[in-house]
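Single-structure report; data block below.
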Amino acid sequence: MSKVTTLHEFIMNRQAEFPFATGELSRLLNDISTASKIVSRDVRRAGLFEDIIGAEGGVNVQGEEQQKLDVIADELFIKMFQYGGEVCGIGSEENDDYLPFDNEQSKKGKYVVLFDPLDGSSNIDVNVSIGTIFSIFRRKSDAGSTATMEDMLQKGSEQVAAGYVLYGSSTMLVYTTGHGVNGFTLDPSIGEFCLSHPDMKMPEKSRLYSMNEGNIDVCHPGIQNYVKYCQETDPSTGRPYSGRYIGSLVADFHRSLIKGGIYIYPGTEQNPNGKLRLMYECNPLAFIAEQSGGIATNGKERIMDISPSSLHQRVPYIVGSKEQVEQLMNCIQEADAQHVG
Ligand code: AHG
Ligand code: MN
Ligand code: MN
(Lines give C-alpha, C1' and ligand atoms only; values in the text may rest on other atoms or scores of the structure.)
(Ligands and ions follow the chains in the order given, each with its own letter.)
Protein backbone atom coordinates (compact mmCIF):
# COMPACT_ATOMS: atom_id res chain seq x y z
CA MET A 1 0.00 0.00 0.00
CA SER A 2 1.36 3.44 -0.90
CA LYS A 3 1.40 6.27 1.62
CA VAL A 4 -1.98 7.85 2.38
CA THR A 5 -2.22 11.56 1.53
CA THR A 6 -4.85 13.41 3.50
CA LEU A 7 -6.66 16.42 2.04
CA HIS A 8 -5.06 18.62 4.68
CA GLU A 9 -1.58 17.44 3.75
CA PHE A 10 -2.34 17.80 0.03
CA ILE A 11 -3.55 21.40 0.49
CA MET A 12 -0.44 22.27 2.51
CA ASN A 13 1.88 20.71 -0.09
CA ARG A 14 0.18 22.67 -2.86
CA GLN A 15 0.44 25.90 -0.87
CA ALA A 16 4.19 25.44 -0.59
CA GLU A 17 4.35 25.58 -4.42
CA PHE A 18 3.18 29.23 -4.29
CA PRO A 19 5.91 31.28 -2.58
CA PHE A 20 3.68 34.28 -1.78
CA ALA A 21 0.64 32.33 -0.58
CA THR A 22 -0.57 33.54 2.82
CA GLY A 23 -2.37 30.32 3.69
CA GLU A 24 -5.85 31.89 3.73
CA LEU A 25 -7.17 29.83 0.83
CA SER A 26 -5.71 26.70 2.40
CA ARG A 27 -7.48 27.47 5.67
CA LEU A 28 -10.71 28.14 3.83
CA LEU A 29 -10.52 24.81 1.99
CA ASN A 30 -9.84 23.07 5.28
CA ASP A 31 -12.88 24.79 6.84
CA ILE A 32 -15.03 23.54 3.95
CA SER A 33 -13.73 20.04 4.49
CA THR A 34 -14.58 20.20 8.22
CA ALA A 35 -18.11 21.54 7.59
CA SER A 36 -18.74 18.89 4.97
CA LYS A 37 -17.73 16.10 7.38
CA ILE A 38 -20.39 17.34 9.79
CA VAL A 39 -23.01 17.50 7.01
CA SER A 40 -21.95 14.04 5.88
CA ARG A 41 -22.53 12.70 9.39
CA ASP A 42 -26.01 14.28 9.46
CA VAL A 43 -26.88 12.94 5.99
CA ARG A 44 -25.83 9.43 7.06
CA ARG A 45 -28.15 9.53 10.11
CA ALA A 46 -31.03 11.48 8.53
CA GLY A 47 -33.45 8.53 8.32
CA LEU A 48 -33.18 7.97 12.08
CA PHE A 49 -34.03 11.44 13.35
CA GLU A 50 -37.09 13.52 12.65
CA ASP A 51 -35.22 16.75 13.30
CA ILE A 52 -32.95 16.00 10.30
CA ILE A 53 -35.23 14.45 7.68
CA GLY A 54 -38.26 15.93 5.96
CA ALA A 55 -39.51 19.33 4.87
CA GLU A 56 -38.62 22.42 6.91
CA GLY A 57 -41.97 24.03 6.16
CA GLY A 58 -40.57 27.09 4.37
CA VAL A 59 -39.98 28.02 0.75
CA ASN A 60 -36.68 29.54 -0.41
CA VAL A 61 -36.27 32.57 -2.68
CA GLN A 62 -36.37 30.22 -5.68
CA GLY A 63 -39.88 29.12 -4.70
CA GLU A 64 -38.63 25.65 -3.76
CA GLU A 65 -39.70 23.75 -0.66
CA GLN A 66 -36.82 23.72 1.83
CA GLN A 67 -35.80 20.47 3.45
CA LYS A 68 -34.53 20.42 7.04
CA LEU A 69 -31.14 19.31 5.76
CA ASP A 70 -31.02 22.28 3.33
CA VAL A 71 -31.29 24.59 6.32
CA ILE A 72 -28.94 22.56 8.56
CA ALA A 73 -26.23 22.51 5.87
CA ASP A 74 -26.74 26.18 5.02
CA GLU A 75 -26.40 27.32 8.64
CA LEU A 76 -23.41 25.09 9.26
CA PHE A 77 -21.41 26.30 6.27
CA ILE A 78 -22.31 29.93 7.02
CA LYS A 79 -21.06 29.57 10.60
CA MET A 80 -17.84 28.01 9.37
CA PHE A 81 -17.26 30.86 6.90
CA GLN A 82 -18.33 33.57 9.34
CA TYR A 83 -15.90 32.55 12.08
CA GLY A 84 -13.11 31.24 9.85
CA GLY A 85 -11.77 34.74 9.15
CA GLU A 86 -10.92 34.19 5.47
CA VAL A 87 -14.35 35.08 4.02
CA CYS A 88 -15.92 38.57 4.04
CA GLY A 89 -19.34 37.47 2.78
CA ILE A 90 -21.30 34.68 1.15
CA GLY A 91 -24.15 34.05 -1.27
CA SER A 92 -26.23 30.91 -0.80
CA GLU A 93 -29.01 29.30 -2.79
CA GLU A 94 -31.07 29.15 0.41
CA ASN A 95 -30.86 32.87 1.30
CA ASP A 96 -32.73 35.71 -0.39
CA ASP A 97 -29.81 38.10 -0.36
CA TYR A 98 -26.03 37.87 -0.02
CA LEU A 99 -24.68 38.02 3.51
CA PRO A 100 -21.76 40.31 4.37
CA PHE A 101 -20.04 39.36 7.63
CA ASP A 102 -19.66 42.27 10.01
CA ASN A 103 -17.08 41.02 12.51
CA GLU A 104 -13.67 42.71 12.18
CA GLN A 105 -11.77 39.53 11.34
CA SER A 106 -14.16 38.59 8.51
CA LYS A 107 -14.10 42.09 7.06
CA LYS A 108 -10.36 41.60 6.52
CA GLY A 109 -11.05 38.30 4.71
CA LYS A 110 -9.91 38.11 1.09
CA TYR A 111 -12.57 35.81 -0.26
CA VAL A 112 -16.28 35.38 -0.94
CA VAL A 113 -17.96 32.00 -1.29
CA LEU A 114 -21.08 31.23 -3.32
CA PHE A 115 -22.60 27.86 -2.60
CA ASP A 116 -25.44 25.40 -2.87
CA PRO A 117 -25.45 23.90 0.65
CA LEU A 118 -27.37 20.83 -0.42
CA ASP A 119 -27.89 19.94 -4.05
CA GLY A 120 -30.50 17.39 -5.03
CA SER A 121 -32.35 17.78 -1.76
CA SER A 122 -35.53 16.25 -3.18
CA ASN A 123 -33.53 13.01 -3.15
CA ILE A 124 -32.92 13.02 0.63
CA ASP A 125 -36.12 11.19 1.54
CA VAL A 126 -35.39 8.39 -0.93
CA ASN A 127 -31.79 7.85 0.15
CA VAL A 128 -30.19 8.89 -3.13
CA SER A 129 -26.89 10.81 -3.50
CA ILE A 130 -26.86 14.53 -2.71
CA GLY A 131 -24.06 17.07 -2.39
CA THR A 132 -22.65 20.51 -1.58
CA ILE A 133 -21.26 22.74 -4.34
CA PHE A 134 -19.00 25.77 -3.76
CA SER A 135 -17.33 28.54 -5.69
CA ILE A 136 -14.61 30.85 -4.27
CA PHE A 137 -13.73 34.32 -5.58
CA ARG A 138 -11.24 36.93 -4.45
CA ARG A 139 -13.17 39.99 -3.25
CA LYS A 140 -13.25 43.15 -5.41
CA SER A 141 -13.84 45.60 -2.55
CA ASP A 142 -11.06 46.73 -0.22
CA ALA A 143 -10.04 44.47 2.63
CA GLY A 144 -11.42 45.81 5.89
CA SER A 145 -14.64 47.10 4.30
CA THR A 146 -18.04 45.42 4.13
CA ALA A 147 -18.51 42.93 1.27
CA THR A 148 -20.58 44.21 -1.65
CA MET A 149 -22.79 42.79 -4.37
CA GLU A 150 -19.93 43.44 -6.80
CA ASP A 151 -17.83 40.95 -4.83
CA MET A 152 -20.53 38.34 -5.41
CA LEU A 153 -21.39 38.96 -9.06
CA GLN A 154 -18.17 37.89 -10.74
CA LYS A 155 -17.75 35.84 -13.89
CA GLY A 156 -16.97 32.15 -13.46
CA SER A 157 -13.62 32.73 -15.18
CA GLU A 158 -12.56 34.68 -12.07
CA GLN A 159 -13.05 31.76 -9.69
CA VAL A 160 -10.02 31.07 -7.50
CA ALA A 161 -11.24 27.63 -6.51
CA ALA A 162 -14.36 25.52 -6.81
CA GLY A 163 -15.51 22.10 -5.76
CA TYR A 164 -18.16 19.82 -4.46
CA VAL A 165 -18.77 17.24 -1.80
CA LEU A 166 -20.81 14.23 -2.82
CA TYR A 167 -22.66 12.37 -0.08
CA GLY A 168 -22.93 9.18 -2.12
CA SER A 169 -22.13 5.55 -1.44
CA SER A 170 -19.03 7.13 0.02
CA THR A 171 -18.45 10.82 0.77
CA MET A 172 -16.08 12.49 -1.69
CA LEU A 173 -14.63 15.96 -1.95
CA VAL A 174 -13.51 17.06 -5.42
CA TYR A 175 -11.90 20.45 -6.01
CA THR A 176 -9.78 22.58 -8.28
CA THR A 177 -7.73 25.73 -7.82
CA GLY A 178 -7.12 25.96 -11.56
CA HIS A 179 -4.29 23.42 -11.59
CA GLY A 180 -6.20 20.25 -12.41
CA VAL A 181 -8.82 18.39 -10.43
CA ASN A 182 -8.28 16.10 -7.46
CA GLY A 183 -10.73 13.87 -5.60
CA PHE A 184 -10.62 12.72 -1.97
CA THR A 185 -12.69 10.01 -0.31
CA LEU A 186 -13.71 10.32 3.32
CA ASP A 187 -12.42 7.41 5.35
CA PRO A 188 -14.99 7.39 8.16
CA SER A 189 -12.77 5.25 10.39
CA ILE A 190 -10.17 8.03 10.68
CA GLY A 191 -12.41 11.00 9.81
CA GLU A 192 -10.10 12.18 7.04
CA PHE A 193 -10.54 12.87 3.34
CA CYS A 194 -7.79 10.87 1.61
CA LEU A 195 -6.52 11.36 -1.94
CA SER A 196 -8.25 8.66 -4.00
CA HIS A 197 -8.62 10.28 -7.45
CA PRO A 198 -5.47 12.27 -8.32
CA ASP A 199 -5.47 14.50 -11.42
CA MET A 200 -8.95 13.60 -12.67
CA LYS A 201 -9.58 13.71 -16.43
CA MET A 202 -13.08 13.58 -17.88
CA PRO A 203 -13.19 11.07 -20.79
CA GLU A 204 -13.57 12.92 -24.12
CA LYS A 205 -16.67 10.91 -24.99
CA SER A 206 -18.88 8.16 -23.68
CA ARG A 207 -22.18 6.49 -24.52
CA LEU A 208 -24.13 8.11 -21.67
CA TYR A 209 -26.52 11.08 -21.68
CA SER A 210 -28.33 12.70 -18.80
CA MET A 211 -31.45 14.83 -19.02
CA ASN A 212 -34.90 15.08 -17.47
CA GLU A 213 -36.65 13.89 -20.63
CA GLY A 214 -39.95 15.19 -19.32
CA ASN A 215 -38.70 18.45 -20.86
CA ILE A 216 -37.89 17.02 -24.29
CA ASP A 217 -40.94 18.37 -26.16
CA VAL A 218 -40.51 21.89 -24.82
CA CYS A 219 -36.77 22.41 -25.39
CA HIS A 220 -34.63 23.60 -28.33
CA PRO A 221 -35.03 21.44 -31.49
CA GLY A 222 -31.23 21.04 -31.61
CA ILE A 223 -31.34 19.33 -28.20
CA GLN A 224 -34.26 17.18 -29.38
CA ASN A 225 -32.19 16.12 -32.41
CA TYR A 226 -29.16 15.30 -30.26
CA VAL A 227 -31.23 13.16 -27.86
CA LYS A 228 -32.81 11.38 -30.88
CA TYR A 229 -29.27 10.65 -32.08
CA CYS A 230 -28.40 9.18 -28.64
CA GLN A 231 -31.49 6.97 -28.80
CA GLU A 232 -30.71 5.54 -32.24
CA THR A 233 -29.10 2.14 -32.47
CA ASP A 234 -25.43 2.52 -33.23
CA PRO A 235 -24.50 -0.10 -35.88
CA SER A 236 -21.06 -0.56 -34.31
CA THR A 237 -22.46 -1.56 -30.91
CA GLY A 238 -25.99 -2.63 -31.85
CA ARG A 239 -27.28 -0.42 -29.01
CA PRO A 240 -28.37 3.15 -28.37
CA TYR A 241 -26.66 5.32 -25.73
CA SER A 242 -27.71 4.74 -22.13
CA GLY A 243 -29.78 7.40 -20.39
CA ARG A 244 -28.77 8.14 -16.78
CA TYR A 245 -30.53 10.80 -14.69
CA ILE A 246 -30.19 10.88 -10.93
CA GLY A 247 -31.84 14.27 -10.40
CA SER A 248 -28.97 15.52 -8.25
CA LEU A 249 -26.81 17.60 -10.54
CA VAL A 250 -23.74 17.01 -8.40
CA ALA A 251 -24.12 13.22 -8.68
CA ASP A 252 -24.92 13.31 -12.39
CA PHE A 253 -21.86 15.52 -12.91
CA HIS A 254 -19.63 13.23 -10.86
CA ARG A 255 -20.59 10.28 -13.04
CA SER A 256 -19.68 12.28 -16.15
CA LEU A 257 -16.35 13.27 -14.62
CA ILE A 258 -15.44 9.64 -14.01
CA LYS A 259 -17.15 7.77 -16.84
CA GLY A 260 -17.75 10.54 -19.38
CA GLY A 261 -21.16 11.76 -20.47
CA ILE A 262 -23.26 14.80 -21.11
CA TYR A 263 -25.67 16.53 -18.71
CA ILE A 264 -28.37 18.76 -20.19
CA TYR A 265 -30.74 21.06 -18.30
CA PRO A 266 -32.26 23.12 -21.10
CA GLY A 267 -34.27 26.29 -21.26
CA THR A 268 -37.91 25.43 -21.89
CA GLU A 269 -40.90 27.35 -23.25
CA GLN A 270 -42.04 28.12 -19.72
CA ASN A 271 -38.56 28.60 -18.22
CA PRO A 272 -36.28 29.93 -20.98
CA ASN A 273 -33.32 30.02 -18.57
CA GLY A 274 -33.86 26.49 -17.34
CA LYS A 275 -33.60 25.71 -13.66
CA LEU A 276 -29.99 25.61 -12.57
CA ARG A 277 -28.29 28.53 -10.86
CA LEU A 278 -25.26 30.13 -12.48
CA MET A 279 -23.50 31.16 -9.27
CA TYR A 280 -24.06 28.12 -7.04
CA GLU A 281 -24.23 25.20 -9.45
CA CYS A 282 -23.18 25.99 -13.03
CA ASN A 283 -19.99 28.05 -12.50
CA PRO A 284 -18.26 25.78 -9.97
CA LEU A 285 -18.98 22.62 -11.96
CA ALA A 286 -17.95 24.41 -15.18
CA PHE A 287 -14.55 25.20 -13.60
CA ILE A 288 -14.08 21.56 -12.65
CA ALA A 289 -15.31 20.38 -16.06
CA GLU A 290 -12.83 22.60 -17.92
CA GLN A 291 -9.97 21.74 -15.59
CA SER A 292 -10.56 18.05 -16.30
CA GLY A 293 -10.87 18.50 -20.09
CA GLY A 294 -14.65 18.91 -20.43
CA ILE A 295 -16.88 21.77 -21.58
CA ALA A 296 -19.71 23.77 -19.98
CA THR A 297 -21.97 26.02 -22.06
CA ASN A 298 -25.46 27.46 -22.15
CA GLY A 299 -25.66 26.31 -25.78
CA LYS A 300 -24.31 29.59 -27.15
CA GLU A 301 -21.76 30.89 -24.70
CA ARG A 302 -19.12 29.43 -22.38
CA ILE A 303 -20.66 29.33 -18.89
CA MET A 304 -17.61 30.93 -17.26
CA ASP A 305 -17.79 33.93 -19.66
CA ILE A 306 -21.32 34.91 -18.61
CA SER A 307 -21.45 38.23 -16.71
CA PRO A 308 -23.91 37.60 -13.90
CA SER A 309 -26.71 40.13 -13.45
CA SER A 310 -28.25 38.74 -10.27
CA LEU A 311 -27.37 36.39 -7.47
CA HIS A 312 -29.97 33.72 -8.17
CA GLN A 313 -29.70 33.92 -11.97
CA ARG A 314 -30.60 30.74 -13.83
CA VAL A 315 -29.03 29.56 -17.10
CA PRO A 316 -29.59 26.69 -19.52
CA TYR A 317 -26.79 24.22 -18.79
CA ILE A 318 -24.92 21.70 -20.89
CA VAL A 319 -21.83 20.17 -19.31
CA GLY A 320 -19.70 17.12 -19.88
CA SER A 321 -17.37 15.29 -22.21
CA LYS A 322 -15.76 17.48 -24.85
CA GLU A 323 -16.82 15.58 -27.97
CA GLN A 324 -20.39 15.09 -26.79
CA VAL A 325 -20.91 18.74 -25.85
CA GLU A 326 -19.39 19.83 -29.17
CA GLN A 327 -21.75 17.52 -31.06
CA LEU A 328 -24.75 18.90 -29.19
CA MET A 329 -23.65 22.46 -29.94
CA ASN A 330 -23.44 21.56 -33.63
CA CYS A 331 -27.00 20.21 -33.45
CA ILE A 332 -28.13 23.51 -31.90
CA GLN A 333 -26.40 25.54 -34.63
CA GLU A 334 -27.83 23.36 -37.41
CA ALA A 335 -31.36 23.65 -36.02
CA ASP A 336 -30.95 27.44 -35.67
CA ALA A 337 -29.70 27.69 -39.28
CA GLN A 338 -32.69 25.68 -40.54
CA HIS A 339 -35.03 27.88 -38.55
CA VAL A 340 -33.54 31.05 -40.10
CA GLY A 341 -33.28 29.53 -43.58
P1 AHG B 1 -31.45 21.79 -5.43
O2 AHG B 1 -31.80 20.53 -4.67
O3 AHG B 1 -30.19 22.43 -4.94
O4 AHG B 1 -32.62 22.76 -5.48
O5 AHG B 1 -31.10 21.41 -6.93
C6 AHG B 1 -31.93 20.56 -7.67
C7 AHG B 1 -31.50 20.65 -9.11
C8 AHG B 1 -30.39 19.70 -9.52
O9 AHG B 1 -29.65 19.13 -8.54
C10 AHG B 1 -31.08 18.65 -10.34
O11 AHG B 1 -30.26 18.18 -11.35
C12 AHG B 1 -32.29 19.34 -10.84
O13 AHG B 1 -32.64 20.29 -9.87
C14 AHG B 1 -33.43 18.39 -11.06
O15 AHG B 1 -34.49 19.08 -11.59
P16 AHG B 1 -35.77 18.31 -12.24
O17 AHG B 1 -36.49 17.70 -11.10
O18 AHG B 1 -36.52 19.43 -12.91
O19 AHG B 1 -35.23 17.33 -13.23
MN1 MN C 1 -28.83 22.51 -6.47
MN1 MN D 1 -29.78 23.19 -2.97
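Round to the nearest 10 and give me the degree value, 0 to 90, for the angle of helix 7-16's Cα axis relative to the longest principal axis of the chain.
Between the helix axis and the principal axis of the chain, the angle is about 80 degrees.
Can you give the Rg to Rh ratio of region 251-298, both from alpha-carbon atoms, with Rh computed by the Kirkwood formula?
My calculation puts Rg/Rh at 0.98.
Sequence neighbours fewer than 8 away in the same chain don't count; with that in mind, list the aspartates and glutamates whose C-alpha is under 19 Å from residue 300.
Correct list for residue 300: 269, 281, 290, 323, 326, 334, 336.
So what is the accessible area of region 7-197 per residue, in Å², with the probe set to 1.4 Å?
43 Å²
Run through the DSSP bridge list for region 208-340 and note the antiparallel percent, rounded to the nearest 5.
Once the DSSP bridges in region 208-340 are tallied, antiparallel ones form about 65 percent.
How high is the FRET efficiency between residue 108 and residue 302 when r is their beta carbon distance and R₀ equals 35 Å, given to the nearest 0.05?
Step by step, r from the Cβ atoms, then E = 0.55.
Mind checking which lysines have their Cα closer than 17 Å to the Cα of residue 37? Skip sequence neighbours fewer than 8 apart in that chain.
The reachable lysines, counting only those whose Cα sits under 17 Å from residue 37, are 79.
Please build a GNM for the chain, connecting alpha carbons under 10 Å apart, and tell me which residue among 181, 227, 113 fluctuates the most.
227
How far is helix 249-259 tilted, in degrees, relative to the longest principal axis of the Cα atoms in the chain, given as a value from 0 to 90 rounded to the nearest 10?
So the inclination is approximately 70 degrees.
Mind running the shape call on region 208-340? Use the C-alpha gyration tensor, a ≥ b ≥ c as the square roots of the eigenvalues: rounded below 1.5 for a/c, prolate if a/b tops b/c, oblate otherwise.
Note, shape of region 208-340 comes out oblate.
Rounded to the nearest 0.05, what FRET efficiency do residue 196 and residue 228 give with R0 = 30 Å and r taken as the Cβ-Cβ distance? Could you check?
Rounded to the nearest 0.05, the efficiency is 0.20.
Among rounded, prolate and oblate, which fits region 133-266 when a ≥ b ≥ c are the square roots of the eigenvalues of its C-alpha gyration tensor, a/c under 1.5 means rounded, and a/b larger than b/c means prolate?
Taking the square roots of the gyration eigenvalues as a ≥ b ≥ c, region 133-266 is oblate.
Out of every Cα pair in region 35-155, what percent are spaced more than 18 Å from each other?
For region 35-155, the fraction of Cα-Cα distances above 18 Å is 51 percent.
For region 208-340, what is the accessible area per residue in Å², given a 1.4 Å probe and the full set of protein chains?
43 Å²
Share of Cα-Cα pairs in the chain beyond 36 Å, in percent?
So the pairs more than 36 Å apart make up 18 percent of the total in the chain.
Specify the angular offset, from 0 to 90 degrees and rounded to the nearest 10, of the alpha carbon long axis of helix 322-340 from the longest principal axis of the alpha carbons in the chain.
Taking Cα atoms only, the helix is inclined about 50 degrees.
Of the cross-linked pairs 110/275; 108/140; 68/107; 110/201; 107/275; 68/259, which ones have a Cα-Cα span greater than 22 Å in the structure shown?
110/275; 68/107; 110/201; 107/275; 68/259, as the Cα separations exceed 22 Å there.
The values are calculated or read from the model by the stated rules, or taken from the named source; none is laboratory data. Note that this is a predicted model, so its numbers are computed, not measured. Here the Cβ is made from the backbone with ideal geometry for all residues, glycine too, and neighbour counts use every protein chain on show. Calculation scope for accessible area: heavy atoms of the full protein, side chains included, ligands and nucleic acids excluded. Shrake-Rupley method; radii C 1.70, N 1.55, O 1.52, S 1.80 Å.
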